Amino acid sequence: MPSLDRPAPVLYVGSYDGVDRAAASFDHGDVDVTYETDPDRALDAIVADRFECVVLGPDPAGGSGVAMLVAAREVSDVPVVLLGGDAPGPATAFDAGADEYARPPTDEDTAAALAARIVNLVARRRAERTASTERARSAALVADEGEFRDLAERLDQVVWIRDADGSFQYVNAAFESTWGVSGEALQADPSLFETNVHPADRSDGTLAPGVHEYRVRQADGSVRWLRDHVREVETDDGSSVVGVAEDVTARRQLSRDLEANVEALGRLYEISSNPEFDFETKVQRLLEVGCDLLDLPVGALNRIEDDVQRTVVAHGEALDAGHEEPLSNAYCRRTVDAEGLLGVRDAPREGWGGDPAYERWGFACYLGGKVLVEGDLYGTVCFGAGEARREPFTAAERSVVELLVQWVSYELTQRAVRRRLRRRNERLDGFASVVSHDLRNPLNVVSGRVDMAHDESDDPAVRDHLDTATEGIERMEDLIADLLALARHDAALDRMPISVGDVARSAWGTVPTGDATLTVDEGLGEVTADPPRLRQLFENLFRNAIQHASSPGGSGDAGDRTLTDGGGGPAVTVGPLDDGGFFVEDDGPGLPSDEAVFAPGVTTADDGTGLGLAIVDQVADAHDWTVEAGIATTGGARFEFRV
């Protein structure tokens, strides 16, 4: 960063809040900042030329930063830094005439970075003004002598001088190299100045004093953007117009690159999030986006297995999906070994002339990255062209391609996970079929035989044993039902809006409740859920409340409370939560304090399977709800569901 011989007076224009935030962080020895919230006063100060740089906050009082920038440009060529929030973007800022674009300072580091940009602008403007003063003095005193020309020939900027009648007095060497026209030819035909200016940027006559940006076509066909500072100079021979133009092509190109990247990122998002596209269609369209951004004709997703590269999806005529090639003949063999992306701008000049990949494909230009699936190499995403690029791939272009590679890696990883889950579910379905058929059938036989023996026996002792066996069979049937529910919890949900209270009442009617009571509070409303699965959730919660109220071992002292001793059953309540969702609570003995209540096998009930609350947890998870277990105000169990 250049040093300044004196602090630069800087005007910061923003809203009251914006000025307060900036003042808290923007304190640097090389800049002397004046804060202003009134746009009219700010413009007056700019017109008075009291400041060497103007910083426009993202939310200046009375209008937008871009509007304030346009107003400032109409009255002054003072360097302007536009700070952007959510809007505007860099392209809009530069198109409106900003010299720099940055984020508002938020801490010491970002404030120092902004100060460095301001110092650079001020140093450059001071140098330009010094040179301009020297040029004007030279033009006024020795316009026809060599002193001025010696000064102008040492400048990188274009310098030209025209008389009031439009004829050219002088152009420097930078002008001749930029326009491709000699000073003698220009003096003979002044129209050559406008001839090489882009038609859309041409003026009707001599450029008026002020700042102008226009394009100039060079002899090799390339186009350069110039920013021309035009001033009127009075000399002894009359008035002349002096132009000093700097090349701003790089800045313009940066603006266009940023705009193209924003557009490409928007297209990437639209395509990748479109639920109507399958994976191959998304990749096809994303490759097209990459080709458009990079201005390359070919893009591909390749699979690499056993030293063979197979094209999975292709864009462009040079490649077809399904094509296979030995990896030794492919650029991708080097891509998979590279850290990050592999970029080749001009293959012959970069040592690829004798490479098998270049000899096979003839791609002088290439950009590619490796695709990883669960940490293992899958293949590559790459782009190429037969012609070399004039310029290297920019950081912005690389960032978009890296994002595309990461998206493909993520999607392929998700597909692998889904395949693994599908195979697991198929095994679970097979297990469920075995449980349903191979266990239930023998159990039904046993149940039938026990019932027959019970009916045929008159011996009280035998009948007591058979009653115990029947209880064991019933518990086994409950266990099988719960295991089936656990095994099939990944089944697709058929969601629809449904009343929570109606489902709770319906579930209560399917559970043996004895003397228990159910209260459904007002305000439950509806949730979007699968009705059978939601009913299953309530059934398990109700069954859990009833079983634990009739069995000892809970965290409360309720072991002597049963449903059959005439003391009354538990009171169960279903109600709404203030922050959305619903709760189910009872006034039973509560939850065990030393157990993970949703873990399979956890139960304190004598006849519990230990799977009921695990099923509740899985139903909630399948709906993307959260469930928390706690203690009700009555000391019983409380389950809260946030949907």
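Odds and ends about this structure:
- Only protein heavy atoms count here; under a 1.4 Å probe, Met452 has an accessible surface of about 100 Å².
- Here the Karplus relation 6.51 cos²θ - 1.76 cosθ + 1.60, evaluated at θ = phi - 60°, turns the backbone of the stretch 418-424 into coupling constants of 5, 4, 5, 5, 5, 5, 5 Hz, with x for every Gly and Pro.
- Under Karplus coefficients 6.51, -1.76 and 1.60, residue-wise ³J(HN,Hα) of the stretch 175-189 in Hz, glycine/proline x: 5, 4, 6, 7, 7, x, 10, 6, x, 5, 5, 5, 5, 6, 9
- The modelled label-to-label distance for the pair Ser499/Val462, using points 7 Å beyond Cα in the direction of Cβ, is 5.3 nm.
- Length added when fully stretched, Asp278-Asn444, from 0.36 nm per residue minus Cα-Cα: 55.0 nm
- The stretch 249-346 gives an Rg/Rh value of 1.02, both radii derived from C-alpha positions and Rh following Kirkwood.
- Taking amide hydrogens as placed 1.01 Å from N in the peptide plane, the amide H of Gln169 sits under 5 Å from those of Ile161, Arg162, Asp163, each at least 5 positions away in sequence or on another chain.
- 3J(HN,Hα) couplings calculated from phi for the stretch 314-330 with the Karplus curve 6.51 cos²θ - 1.76 cosθ + 1.60 (θ = phi - 60°) are, in sequence order, 9, 10, x, 7, 6, 9, 10, 4, x, 5, 10, 8, x, 4, 5, 9, 10 Hz; Gly and Pro show x.
- Peptides 338-344, 539-545, 388-394 ranked from most to least packed, by the mean per-residue count of other Cβ atoms within 10 Å: 539-545, 338-344, 388-394.
- Net charge of Cβ neighbours under 11 Å - reference Thr195; Lys, Arg +1; Asp, Glu -1: 0
- Ranked by the mean number of other Cβ atoms within 10 Å of their residues, highest first, the peptides 30-37, 272-279, 240-247 fall in the order 240-247, 30-37, 272-279.
- Length-normalised contact order for the stretch 348-402 - Cα pairs under 8 Å, 6+ apart - percent: 29 percent
- Solvent exposure, largest accessible area first (probe 1.4 Å, DNA, RNA and ligands not counted), of Thr311, Thr633, Thr626: Thr633, Thr626, Thr311
- Where the stretch 334-467 is the region considered: accessible area per residue in Å², 1.4 Å probe: 59 Å²
- Inter-site label distance for Tyr269 and Glu387 at 7 Å from Cα along Cβ, in nm: 3.3 nm
- For the pair Leu377 and Asp189, the difference between a 0.36 nm per residue extended length and the Cα-Cα distance amounts to 61.2 nm.
- For Val248, distant residues with modelled amide H under 5 Å away: Trp225, Leu226, Arg227
- For the pair Thr510 and Ala416, a Förster radius of 51 Å applied to the C-beta separation gives a FRET efficiency near 0.80, rounded to the nearest 0.05.
- Computed lengthening from Arg231 to Glu176, 0.36 nm per intervening residue step minus Cα-Cα distance: 17.8 nm
- Other-chain or far-sequence residues with amide H under 5 Å of Gly588's (modelled H): Gly636, Ala637
The values are calculated or read from the model by the stated rules, or taken from the named source; none is laboratory data. What you are looking at is a predicted structure, and each value in this text was computed from that prediction instead of being measured. In this analysis, Cβ positions are derived from the backbone assuming ideal geometry, glycine residues included, and neighbour counts consider all displayed protein chains. Heads up: the accessible areas ignore ligands, DNA and RNA and are worked out on the full protein's heavy atoms, side chains in. Shrake-Rupley method; radii C 1.70, N 1.55, O 1.52, S 1.80 Å.
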